[in-house]
Amino acid sequence: MSNKVFYAAAGMGVKRQGQALVAKDGFSARYDLDRVRGIFSRPEHKLAGESYVGRVLVLDAAKGGVATAWMLHEMKARGIVPEALVLNAVNPIMVQGAALADFTMISGFDCDITREIPNGALVEVDPTRERPFIRIV
């Protein structure tokens, strides 16, 4: 399965590599995370109790509102942040937040990316290419 590449419709940020943390669940920086301890804290989230720090998050969709934008920025400023965010679908607020935080994010696949990337796999995310991608290393 290594070197398998999945192309995204859009991306921003810089090339990143890390261990994937994968779930068929959404992502809200406000409601899903303990941003001080660096873990998923909402008990109903499929990644509850897992650390997101330095991991490449591979999740279904962005959720939440305006608070997500400044929360991503604050997380990045404190260094308690995922390595990158890979989503099947984003919303404009998440795009704003990623841009404000200078955060690596890609989204928009021809498949359900949460089913294609194995949890724990080493992945490379490159949003700088003409066709942004995630690759299993």
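The values are calculated or read from the model by the stated rules, or taken from the named source; none is laboratory data. In this text the structure is predicted, and so the values were computed from the model without any measurement. No Cβ is skipped: glycine too gets one built from the backbone with ideal geometry, and neighbour counts run over all protein chains shown. To get the accessible areas, we keep the full protein, side chains included, count just its heavy atoms, and leave off ligands, DNA and RNA. Shrake-Rupley method; radii C 1.70, N 1.55, O 1.52, S 1.80 Å.
Tell me the relative contact order for the chain as a rounded percent, counting alpha carbon contacts under 8 Å between residues six or more apart. The normalised contact order for the chain reaches 38 percent. Remark: relative contact order (the stretch 90-137) = 28 percent; criterion is Cα-Cα distance under 8 angstrom and separation of 6 or more residues.
Seen against the Cα atoms of the chain and their longest principal axis, helix 92-101 is set at about 80 degrees.
Think of each Lys and Arg Cβ as +1 and each Asp and Glu Cβ as -1; about the Cα centre, that makes the dipole of the chain roughly 180 debye.
Note on VAL90: accessible area is roughly 60 Å² with a 1.4 Å probe, heavy atoms of protein only.
Between 0 and 90 degrees, rounded to the nearest ten: what's the tilt of helix 67-78 against the longest Cα principal axis of the chain? Between helix and principal axis, roughly 80 degrees.
For the chain, the antiparallel share of DSSP beta bridges with both residues in that region comes to about 60%. For the stretch 39-120, calculate the relative contact order in percent as a whole number, restricting contacts to Cα pairs under 8 Å that are 6 or more residues apart. Relative CO of the stretch 39-120 lands at 31 percent.
Modelled label positions at ASP112 and ALA48, each set 7 Å beyond Cα in the direction of Cβ, lie 2.1 nm from each other.
Here the calculated FRET efficiency for ARG129 and LYS24, from their Cβ-Cβ distance with R0 = 30 Å, stands at 0.70, rounded to the nearest 0.05.
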